[in-house]
Structures are given as structure tokens and as C-alpha cells.
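Presented below is the structure to which this report refers.
The values are calculated or read from the model by the stated rules, or taken from the named source; none is laboratory data. Since the model is a prediction, treat every value here as computed from it, not as a measurement. Using ideal geometry, Cβ is built from the backbone for each residue, glycine included, and neighbour counts are taken over all protein chains shown.
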Amino acid sequence: MATAATARRMLSLSDGIERTSVERAIAELRMGRPVLLESEGEAALVQSVEDLGRDEAERLDAMSVRQARLVLPAARLKRLGMERPHNGWIGLPTLDARRVATLAFSMEAQLDGSVRPTGRLDEAALELARLALALPAVVVVPLPDGADADSSVLRVTSAAIEGYRAASARDLKIVGRAPVPLEDAAETEFVVFRGGEGLRDQVAVIVGAPDLAEPVTVRLHSACLTGDLFGSLKCDCGDQLRFSVRWMAEHGGGILLYLDQEGRGNGIANKIRAYKLQAEGYDTYDADEMLGFGPDQRRFDFAAEMLRQLGVTRVNLITNNPDKIAALQNSGLELVSHQRAPGRMTAENSRYLASKRDRAGHLLG
């Protein structure tokens with residue numbers, strides 16, 4: 001029987017301690033609480049701008065002996081009037097919640113101060129916001145050297161955040177599988193993987209009995225609540241999903257990876273925010289840029305790992321997206337061929353489809 005001292009040592013041991021710290025930091029940021037980020041001798045409190053009210057701003061301002069800063073991605077800076085390829089920060093002599101909200105969210109805002117280049121800590125803070133599916137805008141409040149934040153504030157390092165996505169892809173594991181007959185594919189098995197990004201499970205839908213000795217038909221399908229489940233007329237996602245499953249069932253089977261990457265990786269809340277902007281006249285990419293997002297936040301390294309664990313080495317890919325084609329080509333799997341995934345054009349989605357074709361190179365008519 002282990003002694004109390006041995007038990008304490010065992011409880012403190014974890015091969016994934018850095019990954020665990022990032023997962024906890026994601027949860028803290030999503031709950032509206034600041035986290036303590038440490039990088040190369042610098043320590044700062046990081047707060048999502050979404051949750052910065054006047055009271056929070058006053059408390060954070062009182063803790064800093066150096067100027068706080070608002071860190072914004074290049075996409076948002078472009079919308080504020082500064083065309084630059086890199087992210088940047090704007091100094092906050094006083095932490096004014098209203099000014100921060102205007103710079104981060106207002107559609108009519110213009111820059112009201114100089115923009116300076118980000119450092120490692122700033123980049124890690126933005127990445128943490130993306131992992132938390134928050135808007136990519138954070139307030140960074142430097143702490144004085146040797147200062148210690150409240151013990152309730154979670155600590156995380158920039159190195160842990162930087163390595164999180166790759167570590168999550170490596171640590172994927174199957175946690176459940178069962179037959180789930182579908183309307184167009186009666187012989188179908190769902191396999192659930194735990195891992196990937198941001199505490200989210202991922203699903204492989206194995207249609208029929210694909211021959212793993214031959215190239216396997218595969219679709220990487222990012223979840224779309226509005227289109228897949230509710231039949232939204234604003235996109236073609238549901239059509240592509242159902243076409244892929246039906247085609248696999250009729251052509252020797254295949255694997256559809258249903259990936260929790262709503263809104264091109266921005267999350268459902270930000271997708272709905274972008275939809276509101278689209279209703280006001282912006283196209284899908286301009287709407288995302290207004291919110292601070294680039295054209296596509298998704299990564300597919302963990303999707304390739306899912307396929308490897310299922311025994312797939314060669315792929316026939318169903319997609320219209322050149323980024324997915326490139327991702328599979330660079331994943332270590334052999335991409336044998338690719339084919340299009342058709343969808344209906346409607347009065348509501350014609351502009352969306354044209355934007356994907358003209359601005360992102362999607363293989364559409």
C-alpha cells in the first residue's frame with residue numbers, strides 16, 4: 001500500500017501536465033476569468049475582451065505597474081484601417097472597457113493609437129483565445145517582476161500553448177464505437193475519438209466495409225449545426241454531408257470524419273455573429289475579418305491521425321476545398337485522388353458559394 005507521501009507524489013505526476021494546464025486555461029477563459037500567462041521572464045494576466053466589463057477593467061488596471069495592451073489579429077487591424085501582415089497591440093494607458101470594446105468589436109471603429117509588433121506572450125494569448133473559441137482579442141496586463149497573482153488564478157506558459165495543438169493530435173484515442181444505421185447507409189459504424197483541439201470529441205463515421213488495402217474514400221466534414229441538422233439554406237454543408245455518405249454506401253464504403261470545427265474553426269457563437277454581419281451585406285470572408293478571423297482557422301493534422309489509427313494509408317478524398325487537399329498531401333498519407341462534393345445552389349447561398357469559389361479557390365462551378 002502506498003504511503004501518504006508516495007500518493008502525493010503519484011498525484012502530482014502527469015506526462016501531460018503542460019497540456020492539462022492549457023485545457024484548464026481554455027475553460028477559465030471561456031468562463032470569463034483571466035489567466036496568468038508566463039513567457040521568457042514576463043508574466044501577465046490575460047483577459048478575453050468578450051468578458052471585460054468596467055469592474056473587471058478596474059481590477060486588472062489596479063494590478064499592473066506597466067501599461068496594459070490590447071492585442072488584436074492582423075485581420076481586425078485591417079478593418080481598423082491598418083493593412084499589415086502581422087498581429088499587433090495597442091497601448092492602454094488606462095484600461096478603459098468602452099475603448100477596448102470599440103476597438104475590438106465596433107464595425108465603425110478606427111485606430112486611435114499606434115500599433116506595435118506582438119511578442120511571444122501576445123501571440124500565445126491570441127492562440128489561447130482561438131482555442132477557447134472566443135473572439136480573437138485579448139487584454140494583456142503585465143505584472144511587476146516578482147509579483148504573484150492570486151492563487152486562484154490559473155497559470156499557463158506560452159510554450160505549453162504553442163505545443164498544444166500538435167500534442168493533442170498525437171494523443172488522440174478511441175473512446176467508443178458502435179453500429180449506427182443511417183437512412184442512406186444501413187451498415188455504418190460511429191467511432192468516437194477523444195482529443196484533437198479544445199476539449200472536443202471527434203467522430204469517424206465508417207460507411208460499409210472499406211477495403212483498407214485499397215485507397216479509401218474519405219471526407220473531412222467540419223460540423224455545421226445550421227446546415228447539417230436544421231437544413232439552413234445559407235450553405236451547402238448538409239447536401240455535401242448526405243451526398244458523401246450516400247456515395248460511400250453505393251461505392252464500396254468509406255470514412256467520413258465529422259470534425260468539431262464549426263464556422264471554419266471559429267465556433268458556433270462567432271459563426272452566428274458572422275451571420276448577422278452577412279445579413280447586413282458583408283460576404284462570409286469579410287464578415288469573419290470584421291470579427292478578427294482569417295479566411296480559415298481549421299487545421300487537419302488530427303484528422304490525418306484519426307485515419308491512421310483506423311488503418312488508412314491511402315485516400316480518395318471527397319472535397320471542394322483546396323486546403324483539405326493540401327492538408328492530406330502534407331499529412332504523410334497518400335492522396336490518390338479527389339472528387340467534388342456537390343450541393344444545391346439557392347437564392348440564399350449563391351453569394352456564399354461564389355465567395356468560396358472566387359476568394360478561397362473552392363472547386364465549384
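Looking at R308, is it within 20 Å of the chain's Cα centre (by Cα) and either hydrophobic (A, V, I, L, M, F, W, C) or surrounded by fewer than 21 Cβ atoms within 10 Å (Cβ to Cβ) (or both)? So R308 fails the test. Only one of the numbered conditions (1) within 17 Å of G227 (Cα to Cα); (2) in contact with a Leu (Cβ under 9 Å, 6 or more places away or on another chain); (3) surrounded by 14 or more Cβ atoms within 10 Å (Cβ to Cβ) is not met by Y352, and that is (2).
Where strands (runs of 3 or more DSSP E) fall entirely within the range 133-188, those with at least 1 residues that are modelled with pLDDT of 95 or more and surrounded by 20 or more Cβ atoms within 10 Å (Cβ to Cβ) are at 138-142, 155-157.
Do we find that L95 is in contact with a Gly (Cβ under 9 Å, 6 or more places away or on another chain) and closer than 28 Å to L277 by Cβ in this structure?
Details: in contact with a Gly (Cβ under 9 Å, 6 or more places away or on another chain): no; closer than 28 Å to L277 by Cβ: yes.
The answer is no for L95.
For the range 95-123, filtering for residues that are within 25 Å of E40 (Cβ to Cβ) and of a type in the set (V, I, T) leaves 2. Would you confirm whether any residue within the range 293-300 is among the polar types (S, T, N, Q), within 27 Å of F190 (Cα to Cα), under 17 Å from the mean Cα position of the chain (by Cα) and modelled with pLDDT of 95 or more? Checked against the condition, which is being among the polar types (S, T, N, Q), within 27 Å of F190 (Cα to Cα), under 17 Å from the mean Cα position of the chain (by Cα) and modelled with pLDDT of 95 or more, the range 293-300 yields no hits at all.
Could we say that A125 is modelled with pLDDT of 95 or more, crowded, with 22+ Cβ neighbours inside 10 Å, within 23 Å of the chain's Cα centre (by Cα) and not in a loop (DSSP other than H, G, I, E, B) here? Before you say what the answer is, go through the steps one by one.
Details: modelled with pLDDT of 95 or more: yes; crowded, with 22+ Cβ neighbours inside 10 Å: yes; within 23 Å of the chain's Cα centre (by Cα): yes; not in a loop (DSSP other than H, G, I, E, B): yes.
Here the answer is yes, as A125 does meet what is asked.
Evaluated against (1) loosely packed, with under 13 Cβ neighbours inside 10 Å; (2) within 26 Å of the chain's Cα centre (by Cα); (3) not aromatic (F, W, Y), E108 falls short on exactly one condition, (2).
Of everything in the range 189-207, what is of a type in the set (K, R) and either over 18 Å from the mean Cα position of the chain (by Cα) or assigned to a loop (DSSP other than H, G, I, E, B) (or both)? Give them in sequence order.
To start, the set of residues in the range 189-207 that are of a type in the set (K, R) comprises 194, 200.
R200, the sole residue that qualifies.
Selection within the range 87-103: residues that are closer than 14 Å to G292 by Cα and of a type outside the set (A, V, I, L, M, F, W, C). The member of this set that is surrounded by the most Cβ atoms within 10 Å (Cβ to Cβ) is G88. How about the range 16-37: which of its residues are small (G, A, S) and over 20 Å from A166 (Cβ atoms)? Residues satisfying the conditions are A27, G32.
For the range 189-207, which residues satisfy the criterion of being of a type in the set (G, A, S) and either surrounded by fewer than 21 Cβ atoms within 10 Å (Cβ to Cβ) or farther than 30 Å from R273 by Cα (or both)? Explain how you work it out, then say what you get.
Start the filter on the range 189-207 by keeping residues that are of a type in the set (G, A, S), which leaves 195-196, 198, 204.
Matches in the range 189-207: G198 only.
Residues in the range 208-250 that are of a type in the set (S, T, Y), under 21 Å from the mean Cα position of the chain (by Cα) and either surrounded by fewer than 18 Cβ atoms within 10 Å (Cβ to Cβ) or in a helix (DSSP H, G or I) (or both): T226 alone.
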